[in-house]
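Notes follow the structure.
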Amino acid sequence: MAQAVTHACVINQAADTGGDARQLVGYVVSESGLPLDRDALLTILKTQLPPHMVPVVLLQLSVLPLSANGKLDRKALPLPELTVKTPGRATGK
């Protein structure tokens, strides 16, 4: 399966678990603008990178936000909605 990614970036974001925990969040832009198979992309990354370098989540954007001088505007990147699941705790009502 060929995944045509034209632009990508990864940021080191504070994890929503609190404390000093950090996590990698990846952002990708597809060549065609069509949805990418993010699970397939993560599988490819896992075969080529050490585990600590694989993003926790990949978000697809139509374009990467740029600042006035043409550099990546990290502050304009959307934050992922990550949920932390605690083992052994029931979720729901």
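The values are calculated or read from the model by the stated rules, or taken from the named source; none is laboratory data. If you're wondering where the values come from, they're calculated on a predicted model, not measured in any experiment. Here the Cβ is made from the backbone with ideal geometry for all residues, glycine too, and neighbour counts use every protein chain on show.
For the range 31-48, give me the residue count where each residue is β-branched (Val, Ile, Thr) and surrounded by 10 or more Cβ atoms within 10 Å (Cβ to Cβ).
At the first step, the residues of the range 31-48 found to be β-branched (Val, Ile, Thr) are 43-44, 47.
Subsequent filtering for residues that are surrounded by 10 or more Cβ atoms within 10 Å (Cβ to Cβ) retains 43-44.
The total comes to 2.
Any idea how many residues of the range 60-74 are aliphatic (A, V, I, L, M), outside any loop (DSSP other than H, G, I, E, B) and free of Cβ contacts under 8 Å to residues at least 40 places away in the same chain? Quick ask: steps written out before the conclusion?
Keep residues of the range 60-74 that are aliphatic (A, V, I, L, M), which gives 61, 63-64, 66, 68, 72.
When the remaining residues are screened for being outside any loop (DSSP other than H, G, I, E, B), the result is 66, 72.
Then drop every residue that is not free of Cβ contacts under 8 Å to residues at least 40 places away in the same chain, which leaves 66.
Number satisfying all stated conditions: 1.
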* Filter pass, GLN13 being among the polar types (S, T, N, Q) and modelled with pLDDT of 95 or more -> no
* **Failed item in (1) within 14 Å of the chain's Cα centre (by Cα); (2) at pLDDT 95 or above, with PRO78 passing the rest** => (2)
* Asked: When the range 1-59 is examined, which residues are found to be part of a helix (DSSP H, G or I) and either within 26 Å of LYS75 (Cβ to Cβ) or in contact (Cβ under 8 Å) with a residue 24 or more places away in the chain (or both)?
  -> ARG38, ALA40, LEU41, LEU42, ILE44, LEU45, HIS52, MET53
